[in-house]
Amino acid sequence: MKTNTLGLPIKETEKLIEDLNTLLSNFQVYYQNLRGLHWNIRGKRFFDLHLKFEELYNDSQVKIDMIAERVLTLGGTPLHTFSDYLEHNRLKIGKNISKDVEAVQLVIESLTDLLKVEREILNASDAIDDEGTNSMMSDFIKEQEKTIWMLKAWMEEEI
């Protein structure tokens, strides 16, 4: 089996790069959704949610950079056009959402969909002993599961 400089199998790593680019695209859509929610939220919970959405989009911006850098580390090229993002997107696109419950529900759904992609990547990276990607996905999953739990608590829903 041919391996790259990192000692990872080339063919499997190429597939992993594709999957990471899918995650990158979905995070870009998630980020833009959060910006829209931050700008358009209205109502009595405005101050709390305005700040929360800002916190979430700042966090997603950091993760976007981490994913792109992982793609580069593995020898790939990160996707970087809006057309690429939309082509690889699996998330619902939120437009003109200003109601608190609808906004939080969109975030929960987006995080749930991101978790699916991240778990696919985690399984693939684990299969080739790619600890760098494993560690990143594990960290993302742990944080997002906690965020979902907190948002579900805000919605007064069970996990």
Here segment 7-16 yields Karplus 3J(HN,Hα) values (6.51, -1.76, 1.60; θ = phi - 60°; whole Hz; Gly and Pro given as x) of x, 9, x, 4, 4, 5, 5, 4, 5, 4
Put a dot 7 Å past each Cα toward the Cβ at ASP65 and GLU102; how far apart are the dots in nm? 3.4 nm
Which value in nm describes the separation of the simple spin-label points at PHE82 and HIS50, placed 7 Å from the Cα toward the beta carbon? 2.6 nm
Fewest-first ordering of GLU156, GLU55 by Cβ atoms within 10 Å yields GLU156, GLU55
Working out 0.36 nm times the residue gap between ARG119 and THR3, then minus their Cα-Cα distance, what length gain in nm do you get to one decimal? 39.4 nm
With axes computed from alpha carbons, what is the tilt in degrees of helix 46-73 against the longest principal axis of the chain, rounded to the nearest 10 within 0 to 90? 10 degrees
If I fit a long axis through the Cα atoms of helix 131-154 and take the longest principal axis of the Cα atoms of the chain, what angle between them do I get, 0 to 90°, rounded to 10? 10 degrees
Once you've got the Cα coordinates, tell me which of LYS15/LYS146; LYS95/LYS152; LYS15/LYS99 are over 32 Å apart. LYS15/LYS99
Run the numbers for GLU109 and ILE10: contour at 0.36 nm per residue of separation, minus the present Cα-Cα distance, in nm. 32.3 nm
Output wanted: per-residue J couplings in Hz (rounded whole) for segment 93-105, from phi through Karplus 6.51 cos²θ - 1.76 cosθ + 1.60, θ = phi - 60°, x for Gly and Pro. 9, x, 10, 6, 8, 10, 8, 4, 5, 5, 5, 5, 4
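Throughout, read-outs are computed from the coordinates displayed, never taken from laboratory work. No experiment lies behind these values; they were computed from the predicted model shown. Counting neighbours? That spans all protein chains shown, and the Cβs are built from the backbone with ideal geometry, glycine included.
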